[in-house]
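*Asks:* Shown below is the structure under consideration.
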Amino acid sequence: MKDPRVKSFGPITTAHLFDIVIDLEPRLEIGEGPLGRRILFGAAGGTFEGPKLHGEVLAGGGDWALFRPDGAMALDVRLTLRTHDGALVQMTYGGRWITPPELRADIADPVRRYQVDPNSYYFRTNPLFETGAKQYAWLNDIVCVGMGYLVEGGIAYKVAQVV
């Protein structure tokens, strides 16, 4: 029986915020710990482009990824964005990258990984933002979702604001 407190108020909708490409440094193997294998994928730079903002990804952030024993990857990302007009924006997100076992060899292959269809794996994130820049203060109050995929030299995401 449906709980009478549950309300119907329409579907969850999104609006495109930006596309981002993050160039990565060579990975640092932190090693096997109590929760799984930790690897740092350091950000070397990159770009982002959307209808309301665009600019560059600054070097120095990264993903302190955790590879769980079941093969899933848990993301823990911190990045700094610089908009085209010089504002700094902190972008943080967690997420999950679930690669089916039959695709793991292709994803691990340095050549074939870019040929794997991103629709064949689950790579989702939940970006949040923080900034002191008045013109981008609206970013402090939104929640986003992202879909990730591999690109040569790094990683990319399509990021949408939940409206």
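*Asks:* Would you confirm whether or not segment 96-103 contains a residue that is out of contact with any Gly (no Cβ under 8 Å at 6 or more places or on another chain), assigned to a helix (DSSP H, G or I) and more than 30 Å from residue 139 (Cα to Cα)?
*Replies:* yes
*Asks:* Filtering segment 93-130 down to residues that are surrounded by 15 or more Cβ atoms within 10 Å (Cβ to Cβ) and of a type in the set (Ser, Thr, Tyr), which residue is nearest to residue 43 (Cα to Cα)?
*Replies:* 93
*Asks:* Which residues, taken from segment 93-151, are more than 30 Å from residue 52 (Cβ to Cβ) and in contact (Cβ under 8 Å) with a residue 40 or more places away in the chain?
*Replies:* Within segment 93-151, just 107 meets the criteria.
*Asks:* If you don't mind, there's one more thing I want to ask. Being farther than 17 Å from residue 94 by Cβ and in a strand (DSSP E or B) is the filter here; which residues of segment 147-157 pass it?
*Replies:* 149, 150, 151, 154, 156
*Asks:* Sticking with this one: Got a number for residues in segment 46-94 being touching an Asp or Glu at 6+ places or on another chain (Cβ under 8 Å), of a type in the set (Phe, Trp, Tyr) and under 16 Å from residue 28 (Cα atoms)?
*Replies:* Qualifying residue count for the region: 1.
*Asks:* Where in segment 9-90 are there strands (runs of 3 or more DSSP E), lying fully within it, with 3 or more residues that are in contact (Cβ under 8 Å) with a residue 40 or more places away in the chain and surrounded by fewer than 17 Cβ atoms within 10 Å (Cβ to Cβ)?
*Replies:* Once the strands (runs of 3 or more DSSP E) in segment 9-90 are filtered for at least 3 residues that are in contact (Cβ under 8 Å) with a residue 40 or more places away in the chain and surrounded by fewer than 17 Cβ atoms within 10 Å (Cβ to Cβ), what remains is 14-24.
*Asks:* While we're looking at this one, here's another question. Looking only at segment 135-158, filter to residues that are among the charged types (D, E, K, R) and out of contact with any Asp or Glu (no Cβ under 6 Å at 6 or more places or on another chain); which one of those is farthest from residue 75 (Cα to Cα)?
*Replies:* 141
*Asks:* If you don't mind, another one. Looking only at segment 116-146, count how many residues are of a type in the set (S, T, N, Q) and assigned to a helix (DSSP H, G or I).
*Replies:* 4
*Asks:* Tell me which residues, restricted to segment 67-76, are under 16 Å from the mean Cα position of the chain (by Cα) and within 10 Å of residue 97 (Cα to Cα).
*Replies:* Within segment 67-76, 67, 72, 73, 74, 75 qualify.
*Asks:* While we're here: I'd like to know if segment 91-101 contains one or more residues that are in contact with a strand residue (DSSP E or B) (Cβ under 8 Å, 6 or more places away or on another chain), at pLDDT 95 or above and small (Gly, Ala, Ser).
*Replies:* Scanning segment 91-101, I find at least one residue that is in contact with a strand residue (DSSP E or B) (Cβ under 8 Å, 6 or more places away or on another chain), at pLDDT 95 or above and small (Gly, Ala, Ser), so the answer is yes.
*Asks:* What tally of residues in segment 117-149 results from selecting those that are of a type in the set (Lys, Arg) and under 9 Å from the mean Cα position of the chain (by Cα)?
*Replies:* Looking only at that region, the number is 1.
The values are calculated or read from the model by the stated rules, or taken from the named source; none is laboratory data. As the structure is a computational prediction, the values presented were derived from the model and not from experiment. We place every Cβ from the backbone using ideal geometry, glycine too, and count neighbours over all the protein chains shown.
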